[in-house]
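**Student:** What follows is a single structure, and I will ask about it in a moment.
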Amino acid sequence: MKHHAKHHTHKPTVSKWLVAGSALFGLCLPAQAMDLLQVYLAAKTQDATLLAAKATAAAESERLPQARAQMLPNISVNLSSTKNQLESTTPNFFGQEQTTNTSYPSSNKTVALRQPLYRPQLAAQYRQARALVDDAEAALALEEQNLAVRVSSAYFEAMLTHDQLALVQAQQMAYTTQLDAARKTFEAGSGTRTDIDEAQARIDMNLALEIEARQNVTYTLQQLQSMTRDPIDKLATLNVAKLELLAPQPDNLEDWSARAEQTNPQIQSLKARVEIARQEVAKARSGHLPTLDAVAQWQQSESENVTNTSNRYTNNSVALQLNIPIFAGGYVNASVRQALASQERAEQTLEFGKRNLSLRVHKEFRGVTENIPKIKALEQALRSADQLVLSSRKSFQAGSRTVLDILNAEQQRVVTLRDLAQARYMYLISKVRLLALVRGADTEAVAAVNSVLKN
């Protein structure tokens, strides 16, 4: 039987296929990509979580004028007008009942002013309201920092899924190339059926990976769109030439920890909650204390009763009202104990928050510093993987390597490319997270990270 060998053109390397795959993938999408800064600015006006935090802060800010109003004079006016109908029945001299109907109007006008002079509960309530406002403002600041982290994490996750899809597509092309080469050598009598089956198995498995990669791309884009409410079809890409691997400044973990404890919005919120709990204790204890109010009142009444239907009375009064609590059945003591327990809980929560913050600062600081040598090591590993692929191809042509050796070399190179992309993105995300812990993840910080991207 005659074997007719097909003519095979030279196949590009994996790196060329990766570039070609990325370019072909981009042709299906709009020409203009949406970079990180654009997504962040859109999320600042559209993200539902941030908008809810702003509304909460606006609502909580009204607690302060409400508490202040309780300490200011209270003026009230009371007006009443009444039509009275009186029916009286009395026996006369002969023992017969005689009924008399009397109708007359009456009115009352009262203007009262009350000024609290000594109310410890109101003073504690005002200080508590101020702490509640501080808590809400800190919560809003925390959400603003979290927005930068959420957007950056989602954006770089989406970039990674795009890279993984391009790698899978490039790998599929490389596997197809090796399958053709295996068939050619088998037809020429120098290859084995195992080489063909191995290449075909890799192609079949890679098809499943491509489906999964496309699903991940779709999901991560939808995750970004949920923050902006705008359609996002294409992302920017990493400009490796602009990526400077720099350690955090200052390059000292203790300095970052101290700065975080002073500026971190979550710690500020927990401190405000401790103050809220302390003022709750003061409010509870004020139940044992007297209160003193100044009261001024002007009152005018007409026709107060049936015997004075045409009289008018005017009464002006100024008074001090002192209220001294004696016994409330143990309610005040129970309220104090409850408030003290709540204060202890708030203080312990603050202590836990400080310790947890220290761990998070340590983690993100190491995420920046330790990813730098990791990226450099993976870049060297990629150069070695490139050389291994090249050497395996030449050795295959010389007959000292099999198709399986080439496939394994290609697989190792793709894994290295994936790990390198992931390490670069984690380095950038860790920088944003570290800044967020010290309340530094603002528009300027996002713009700095965005500068290493290109459309």
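**Student:** Could you count how many residues in the stretch 277-313 are of a type in the set (Ser, Thr, Tyr), at pLDDT 90 or above and either in contact with a strand residue (DSSP E or B) (Cβ under 9 Å, 6 or more places away or on another chain) or open to solvent by 90 Å² or more (accessible area, probe 1.4 Å) (or both)?
**Tutor:** Going through the stretch 277-313 one residue at a time, the tally reaches 1.
**Student:** Same structure again: Give 121, 125, 164, 145 a once-over and let me know the one that is assigned to a helix (DSSP H, G or I) and surrounded by fewer than 20 Cβ atoms within 10 Å (Cβ to Cβ).
**Tutor:** Step by step, each of 121, 125, 164, 145 is checked, and only 121 is assigned to a helix (DSSP H, G or I) and surrounded by fewer than 20 Cβ atoms within 10 Å (Cβ to Cβ).
**Student:** If you don't mind, another one. If you go through the stretch 104-111 one residue at a time, do you hit one that is of a type in the set (Phe, Trp, Tyr), exposed (fewer than 14 other Cβ atoms within 10 Å of the Cβ) and not in a helix (DSSP H, G or I)?
**Tutor:** no
**Student:** Select from the stretch 403-416 the residues that are open to solvent by 60 Å² or more (accessible area, probe 1.4 Å) and either without any contact (Cβ under 8 Å) to a residue 40 or more places away in the chain or over 50 Å from the mean Cα position of the chain (by Cα) (or both) and list them in ascending order.
**Tutor:** Within the stretch 403-416, 408, 412 meet the criteria.
**Student:** Quick check, is residue 300 in contact with a Ser or Thr (Cβ under 6 Å, 6 or more places away or on another chain) and either under 30 Å from residue 117 (Cβ atoms) or hydroxyl-bearing (Ser, Thr, Tyr) (or both)?
**Tutor:** The answer is yes for residue 300.
**Student:** Something else about it: Would you point out which residue out of 131, 154, 158 is in contact (Cβ under 8 Å) with a residue 24 or more places away in the chain and either within 30 Å of residue 63 (Cβ to Cβ) or not hydrophobic (A, V, I, L, M, F, W, C) (or both)?
**Tutor:** Matching residue, one of 131, 154, 158: 131.
**Student:** Suppose we filter the stretch 250-308 for residues that are within 27 Å of the chain's Cα centre (by Cα) and either on the phi > 0 side of the Ramachandran plot or of a type in the set (Lys, Arg) (or both); how many remain?
**Tutor:** Final tally of qualifying residues: 3.
**Student:** Looking only at the stretch 191-244, how many residues end up being of a type in the set (S, T, N, Q), at pLDDT below 90 and outside any helix (DSSP H, G or I)?
**Tutor:** Counting residues in the stretch 191-244 that are of a type in the set (S, T, N, Q), at pLDDT below 90 and outside any helix (DSSP H, G or I) gives 1.
**Student:** Is there any pair with a first residue in the stretch 362-374 that is touching a residue at least 60 places away in the same chain (Cβ under 8 Å) and under 15 Å from residue 261 (Cα atoms) and a second that is open to solvent by 80 Å² or more (accessible area, probe 1.4 Å) and not acidic (Asp, Glu) whose Cβ atoms are under 9 Å apart and which are 6 or more apart or on different chains, and what are they?
**Tutor:** That search, which allows pairs on different chains as well, returns nothing.
**Student:** A further question follows. Looking at the stretch 28-82 only, could you name the residues that are open to solvent by less than 80 Å² (accessible area, probe 1.4 Å), over 30 Å from the mean Cα position of the chain (by Cα) and closer than 30 Å to residue 121 by Cα?
**Tutor:** 69, 71, 73, 76
**Student:** May I ask you to verify whether residue 159 is within 30 Å of residue 407 (Cβ to Cβ) and in contact with a strand residue (DSSP E or B) (Cβ under 7 Å, 6 or more places away or on another chain)?
**Tutor:** yes
**Student:** Same structure again: Consider residue 377 against the criteria (1) hydrophobic (A, V, I, L, M, F, W, C); (2) at pLDDT 95 or above; (3) more than 21 Å from the chain's Cα centre (by Cα); (4) crowded, with 17+ Cβ neighbours inside 10 Å: it satisfies all of them except one. Which criterion is unmet?
**Tutor:** (4)
**Student:** Another one. List every residue pair whose Cβ atoms sit under 9 Å apart, with the two residues 6 or more apart in sequence or on different chains, where the first one lies in the stretch 314-328 and is surrounded by 10 or more Cβ atoms within 10 Å (Cβ to Cβ) and the second, anywhere, is part of a loop (DSSP other than H, G, I, E, B).
**Tutor:** 322/290; 323/290; 325/289; 325/290
**Student:** Failed condition for residue 439, given (1) in contact (Cβ under 8 Å) with a residue 12 or more places away in the chain; (2) part of a helix (DSSP H, G or I); (3) not polar (S, T, N, Q), with all others met?
**Tutor:** (2)
The values are calculated or read from the model by the stated rules, or taken from the named source; none is laboratory data. Values in this document were obtained by computation on a predicted structure and should not be read as measured data. Cβ atoms come from the backbone with ideal geometry, glycine included; neighbour counts cover every protein chain shown. When the accessible area is computed, the model is the full protein with side chains, heavy atoms only, and any ligands, DNA or RNA have been set aside. Shrake-Rupley method; radii C 1.70, N 1.55, O 1.52, S 1.80 Å.
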